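The structure appears right after this line, and notes come after that.
The values are calculated or read from the model by the stated rules, or taken from the named source; none is laboratory data. What you are looking at is a predicted structure, and each value in this text was computed from that prediction instead of being measured. Cβ atoms come from the backbone with ideal geometry, glycine included; neighbour counts cover every protein chain shown. The accessibility values were calculated without ligands, DNA or RNA, using every heavy atom of the protein model including side chains. Shrake-Rupley method; radii C 1.70, N 1.55, O 1.52, S 1.80 Å.
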Amino acid sequence: MAKYEFDKWTDLYAGRASLLRSSAIRDLLSVTARTDIISLAGGTPYTKDFKMKKMVDAVAACMMNQGNEALQYGTSEGHIGLKNHLIRIMADEGINVNGDDFIITGGSQQGLDMLGKIFIEPGDTILVEAPTYVGAINAFAGYEPNVLSVPLDEDGLDVDLLADKLVELASDGIRPKFFYTVPNFHNPAGVTMSRSRRIRLLDLAKEHNLLVVEDNPYGRLRYEGDDLPSLRALDENVVYLSTFSKIFSPGIRLGWFVAPHPILDKIIFAKQSADLCSSSFTQRVVDEFLNDNEIGEYLAQLVVTYRARRDAMLAALEEFFPPETSWTKPGGGFFVWVTLPDFLDTTEMLAEAISAKVAFVPGRAFFADGSGANQMRLAFCYPSPEEIHEGVRRLSEVVKDQISLYHSVADHLRRK
Ligand SMILES: Cc1ncc(COP(=O)(O)O)c(C=O)c1O
């Protein structure tokens, strides 16, 4: 948190500055950095498992083989060596693209911001899932959209409710600018959109001329079951974003953005005005890393690490959480979404949890309309399985205390 200082520039700010918010998760990071707290809050990948020697080799190879280019500006579209690796990585997901069908971005967060920049005018309607990725809400908010939400269930997006919403909007003469979805191992809900719903979503998109934006940071982190086709693999009109953040490192700040060419042309201009190009250095380091390491093998190791953590979290929830609570059972990714009785408020509960030395992210952050008060996101990516067990135990004590406190107050009021 910045030091408090009287703001003598308030008359100068654009209206949109007041719409920019710190993410609830970023605010929590300073608390969760305390070593005595077990953080089930951040979606922070477990980079300590990373083979540092291999990374040192990749940095050295980068400087030896392409040092001059690594220290220079690069093209706004991205380094072709890295793009060639991505063409193969996407082909594994059934997405067939050429190098000029996508660009490299400063993480997928930059892709979300640029999407807002080229599509959203103040008051435009956009559609998101409920809950949805908090960083997307924040990225779009600066462009002042009217955000409408469509609920999820265990099989991902409720496509029937989306269909109803599209009919309702069309009858009011409103065409939403796009629909933003995280179909695989959703952040925060942990759920995955079923195959039949993917197909129905794309049919609806065709029928209503709706632009679908697929954000897929977690698709390669599957711990059970078979891969499902990505929306972009099924329909070339879909805008597709992904990132190295969860499968490699968020510190290198590299993502990629696939779109139909007319959209991509505008995104390239947005990218040029934002940062000219993504880091030549990190693009070329990752290029060298992928030249020397088999991505499939590397991902397989990550899956083993994260599967053990997912299993530890689900087992601990089963062992400790009271029967009035429920949670999703993610087949991959980083997150479990927990629902408590609706008389509890997880934002209010957070202070108690921090005192009990465990942290989570309260549910409200993930809803454009401020609902989700009795829900919370638990991340199993960073702490060890033992820490997860202990963290969930500590949290369960807080939840049980809050439930019994509620019942004793309710009993007392009834007797009065
Ligand atoms: C769904 C989703 N989209 C985008 C991002 C942003 O990732 P990046 O680090 O690539 O900017 C995240 C990060 O948590 C995410 O969960």
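A few notes on this one:
- In this structure, the amide hydrogen of L254, modeled 1.01 Å from its nitrogen in the peptide plane, lies closer than 5 angstrom to those of G107, F244, S245, counting only residues at least 5 positions away or on a different chain.
- Relative to the Cα centre, the charge distribution of region 212-307, modelled as +1 at Lys and Arg Cβ and -1 at Asp and Glu Cβ, gives a dipole magnitude of about 340 debye.
- Projecting the Cα atoms of V392, H412, A356 onto the dipole axis of the chain, where Lys and Arg carry +1 and Asp and Glu carry -1 at the beta carbon, places A356 farthest toward the positive end.
- Probe 1.4 Å, accessible area per residue of the chain, Å²: 46
- In the chain, helices alone account for a calculated mean residue ellipticity at 222 nm of -14500 deg cm²/dmol, with every DSSP H run of four or more residues adding -39,500 (n - 2.57).
- Proportion of all alpha-carbon pairs of region 163-243 beyond 20 Å (%): 34
- A DSSP coil position with no more than 15 other Cβ atoms inside 10 Å describes the following GluC sites (Glu not before Pro) in region 247-345: E294, E324.
- Out-of-range pairs (alpha-carbon distance over 22 Å; input K177/K329; K117/K271; K329/K357; K51/K246; K165/K206): K177/K329; K329/K357
- Here the Karplus relation 6.51 cos²θ - 1.76 cosθ + 1.60, evaluated at θ = phi - 60°, turns the backbone of region 53-69 into coupling constants of 4, 5, 5, 4, 4, 5, 5, 5, 4, 4, 5, 6, 8, 9, x, 4, 5 Hz, with x for every Gly and Pro.
- Amide H contacts under 5 Å for E324: none, restricted to partners 5 or more places along the chain or on a different chain, H placed in the peptide plane at 1.01 Å from N.
- Shape category assigned to region 205-264 from the gyration tensor of Cα positions, a/c cut at 1.5: oblate
- A cut-off under 11 angstrom between Cβ atoms defines the neighbours of L264, and their net charge, with Lys, Arg +1 and Asp, Glu -1, is -2.
- About the Cα centre, charge dipole magnitude for region 281-416 (Lys/Arg +1, Asp/Glu -1 at Cβ), debye: 560
- Applying the Karplus relation 6.51 cos²θ - 1.76 cosθ + 1.60 with θ = phi - 60° to region 344-351 yields 3J(HN,Hα) values of 9, 10, 5, 5, 5, 6, 4, 4 Hz, where x marks Gly and Pro.
- Annotation: amide H of A356 has no partner in the under-5 Å range at sequence separation 5 or more or interchain, hydrogens built in the peptide plane.
- Along region 95-105 the Karplus relation, 6.51 cos²θ - 1.76 cosθ + 1.60 evaluated at θ = phi - 60°, assigns HN-Hα couplings of 9, 9, 9, 9, x, 8, 8, 8, 10, 8, 10 Hz to successive residues, with x for each Gly and Pro.
- Selection among L221, L204, G190 by position relative to the dipole of region 108-249 gives L221 as farthest towards the positive end (Cβ unit charges, Cα centre).
- Using every pair of separate Cα atoms, the Kirkwood estimate puts the hydrodynamic radius of region 100-228 at 15.2 angstrom.
- Sorting 332-345, 144-157 by average packing, meaning the other beta carbons within 10 Å per residue, from highest down gives 332-345, 144-157.
- Here the Debye sum runs over all C-alpha atoms of the chain as equal scatterers in vacuum, and log10 of I(q)/I(0) at q = 0.07, 0.14 Å⁻¹ comes out as -0.35, -1.38.
- Region 187-345: C-alpha gyration tensor shape, a/c 1.5 cut-off, then a/b vs b/c: oblate
- The angle between the Cα long axis of helix 295-320 and the longest principal axis of the Cα atoms of the chain comes to about 10 degrees, rounded to the nearest 10.
- Taking every Cα-Cα distance in region 292-371 and sorting them into 5 Å bins starting at zero, the pair-distance distribution P(r) comes out as 3, 11, 17, 21, 19, 12, 8, 6, 3, 1, 0 percent.
- Helix 385-415 vs. the chain, principal-axis angle (Cα, 0 to 90°, nearest 10): 40
- Assigned charges on the beta-carbon of Lys, Arg, Asp, Glu; the chain dipole about Cα centre (debye): 740
- Of P122, P217, P183, the one that fluctuates the most in a GNM where the chain has Cα springs shorter than 10 Å: P122
- Taking the C-alpha atoms only, the angle from helix 195-208 to the longest principal axis of the chain is near 70 degrees.
- Heavy-atom surface analysis with a 1.4 Å probe gives the chain a carbon and sulfur content of 53 percent of its accessible area.
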